[in-house]
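Below is one structure, written out as structure tokens; comments come after it.
The values are calculated or read from the model by the stated rules, or taken from the named source; none is laboratory data. Note that the structure is a prediction, hence the values are computed from the model and not measured. For neighbour counting, all protein chains shown are included, and Cβ atoms are generated from backbone atoms with ideal geometry for every residue, glycine included. Ligands, DNA and RNA are stripped out before the accessible areas are found, and what is left, the full protein with its side chains, is counted by its heavy atoms. Shrake-Rupley method; radii C 1.70, N 1.55, O 1.52, S 1.80 Å.
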Amino acid sequence: MNFLKRLFGHKETPPELPPEFLQENPPDWLIDMKGTGLPRGNRFSIRVQLSDAARTGTVEIVMLPRKEGEEPRSASAELARSEVDRLFVILGFSFPGDIADVPAQVIDGIPANISVHRHEPYSLAAGECNLAEWMDSKKSGPPIIEIGKILLEAQMRILPQ
């Protein structure tokens, strides 16, 4: 039966790779976070590219305005070494199995969707969370929360409100 299924069955379409993985020197990891500061905050996008061999990372941030007529703001920069190291530790211990949704305890806050892509072999893990209740917490949270906190800290350092 498996032979017939493979012969006549549907072919699985390969996953659509992020454009960063189609570059000449692709990153080893890509983290994409999209979120909103509620109730009246900006929508934002943060994309991080990490290189295993060089132990470096770059971040691209886009902040969409909350009011019509305002201009979007964007910036790109190198991540701090401590941010890169923390991300590699989280990814090393948690990817892909522990990257998952974290239920929110609040309605407002900073809801975010975080996708983590590994280049070789290609793999994707994603989760949703609300970072507001975790930002000032001294205790560590689930991996998706820790990744989100690192990215928001980088955004605040590079593109302050």
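Applying the criteria of a DSSP loop state and at most 14 other Cβ atoms within 10 Å to the GluC sites (Glu not before Pro) of the range 62-161 yields Glu68, Glu70. For the chain, the Cβ-based charge dipole about the Cα centre amounts to some 220 debye (Lys, Arg positive; Asp, Glu negative; other atoms uncharged).
With a 1.4 Å probe and all protein chains left in place, how much of the accessible area of the chain comes from carbon and sulfur atoms, in whole percent?
With neighbouring chains kept in place, the figure for the chain is 53 percent.
If you bin all the Cα-Cα distances of the chain at 10 Å, starting from zero, the percentages per bin are 10, 36, 32, 14, 6, 2, 0. In this structure, Ser123 and Lys34 have a Cβ-Cβ separation that, at R0 = 25 Å, corresponds to a calculated FRET efficiency of about 0.80. Which of Ser74, Ser82, Ser94 moves most in a GNM of the chain, Cα contacts under 10 Å? Most flexible of the set in this elastic network: Ser82. Straight-line cross-link reach from Lys139 at under 12 Å between alpha-carbon atoms covers no aspartates and glutamates, not counting any fewer than eight positions away in the same chain. When the Cα positions of Pro142, Gln105, Gln23 are compared along the charge dipole of the chain, Gln105 comes out farthest toward the positive end, with charges on each C-beta of Lys, Arg, Asp and Glu. Ligands, DNA and RNA are left out, and with a 1.4 angstrom probe the accessible area of the range 8-161 is 59 Å² per residue. Exposure here means at most 16 other Cβ atoms within 10 Å; with trypsin sites (Lys or Arg not before Pro) in a DSSP loop as sites, the longest stretch of the chain lacking them is 68-137.
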